[in-house]
Amino acid sequence: MNYDLMWVLVREGDVLASARTQAPRRVPIEAEWRAHCTDYLRTRLLCHASGLATTEVIWPLACRARDEPAAFWAILQRVRTAFNHALASALNRLCELLPEAGADQMEIPVGADGDVDWQEALFPMAAALLTYLADRMVEGADHADVARHPPFPEDAVHDALTELATLLSDRLTGQSPFFDASARSVHIPNDPTLKSALAAGEQLVLVPVRRIGP
């Protein structure tokens with residue numbers, strides 16, 4: 001069996017609302033909250049191709065922002081690191097396949113901590129590559145691209161673009177190490193958004209889910 005860990009961001013208020021209960025004045029007992037949360041995740045993870053039947057919630061590792069703030073932010077940083085590495089790898093692969101795009105000089109250095117300056121590296125590189133491909137498609141429709149540019153490996157470029165699209169999609173896939181249950185999105189909220197939610201009194205929990213595949 002193949003085991004793949006995914007972190008799910010859960011808002012306790014959403015869990016209680018889905019259970020048709022109002023937030024009690026006392027903190028719900030852990031077993032009760034876990035039961036409600038499991039039901040909540042069952043509805044939110046339906047967009048996963050394999051469904052909840054092949055997933056397992058790992059409760060001992062659940063991390064509440066209010067109780068374990070350092071661990072909470074560290075987990076999110078690790079998830080961002082994994083995503084940054086995957087996105088940088090996909091873009092660098094396109095650079096190798098399309099050297100004539102002129103984006104090869106932008107090769108993305110990703111540090112061991114996964115820190116990447118998105119505005120200065122990832123987005124301009126992606127824009128240059130996709131603009132080049134769009135121009136080639138227009139030229140191809142006019143049958144002028146062969147004369148102006150050498151042919152490129154279409155199958156390899158298609159595979160690289162598919163990988164890039166999957167990473168940038170907000171749908172839950174086998175490549176997604178994170179899922180925001182409330183937003184039903186794999187897009188990781190930025191720190192200001194999360195800190196604002198915490199300041200407003202929201203209780204945020206990172207729940208690890210083990211995805212089990214054949």
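Among the residues in the range 105-121, are any closer than 30 Å to residue 76 by Cα, at pLDDT 75 or above and over 17 Å from the mean Cα position of the chain (by Cα)? There is no residue in the range 105-121 that is closer than 30 Å to residue 76 by Cα, at pLDDT 75 or above and over 17 Å from the mean Cα position of the chain (by Cα).
Can you name every residue in the range 164-203 that is more than 24 Å from residue 70 (Cα to Cα) and either crowded, with 18+ Cβ neighbours inside 10 Å or of a type in the set (Lys, Arg) (or both)? Break it down into steps so the answer makes sense when it comes.
First pass over the range 164-203, keeping only residues more than 24 Å from residue 70 (Cα to Cα): 164-175, 184.
Of everything in the range 164-203, those that are more than 24 Å from residue 70 (Cα to Cα) and either crowded, with 18+ Cβ neighbours inside 10 Å or of a type in the set (Lys, Arg) (or both) turn out to be 164, 171, 172, 184.
If the condition is being touching a strand residue (DSSP E or B) at 6+ places or on another chain (Cβ under 6 Å), assigned to a helix (DSSP H, G or I) and open to solvent by less than 60 Å² (accessible area, probe 1.4 Å), then the range 61-88 contributes 71, 72, 75, 79. Checked against the criteria, residue 183 counts as out of contact with any Leu (no Cβ under 8 Å at 6 or more places or on another chain), in a loop (DSSP other than H, G, I, E, B) and among the aliphatic types (A, V, I, L, M). Residue pairs whose Cβ atoms lie under 6 Å apart, separated by 6 or more positions or on different chains, with the first residue in the range 30-42 and within 12 Å of residue 12 (Cβ to Cβ) and the second outside any helix (DSSP H, G or I) and open to solvent by less than 70 Å² (accessible area, probe 1.4 Å), are 36/19. In the set (1) open to solvent by less than 30 Å² (accessible area, probe 1.4 Å); (2) under 30 Å from residue 16 (Cα atoms); (3) at pLDDT 80 or above, residue 55 fails one condition alone, (3). Condition first: modelled with pLDDT under 85, exposed (fewer than 11 other Cβ atoms within 10 Å of the Cβ) and farther than 25 Å from residue 180 by Cα. Can you find one or more residues in the range 127-136 that meet it? Taking every residue of the range 127-136 in turn, at least one turns out to be modelled with pLDDT under 85, exposed (fewer than 11 other Cβ atoms within 10 Å of the Cβ) and farther than 25 Å from residue 180 by Cα.
Yes or no: the range 141-160 includes at least one residue that is crowded, with 18+ Cβ neighbours inside 10 Å and modelled with pLDDT of 80 or more.
The first filter runs over the range 141-160 and keeps only residues crowded, with 18+ Cβ neighbours inside 10 Å, leaving 160.
From what is left, the residues that are modelled with pLDDT of 80 or more are 160.
Yes: one or more hits.
Candidates in the range 58-82 are the residues that are out of contact with any Leu (no Cβ under 7 Å at 6 or more places or on another chain) and of a type in the set (Phe, Trp, Tyr); of these, the one that is modelled with the highest pLDDT is 73.
The values are calculated or read from the model by the stated rules, or taken from the named source; none is laboratory data. Fair warning: this is a prediction, and the values are worked out from it, not measured in the lab. Please note: Cβ atoms are built from the backbone with ideal geometry, for glycine as well, and neighbour counts cover all protein chains shown. Surface accessibility is based on the protein's heavy atoms, side chains included, excluding ligands, DNA and RNA. Shrake-Rupley method; radii C 1.70, N 1.55, O 1.52, S 1.80 Å.
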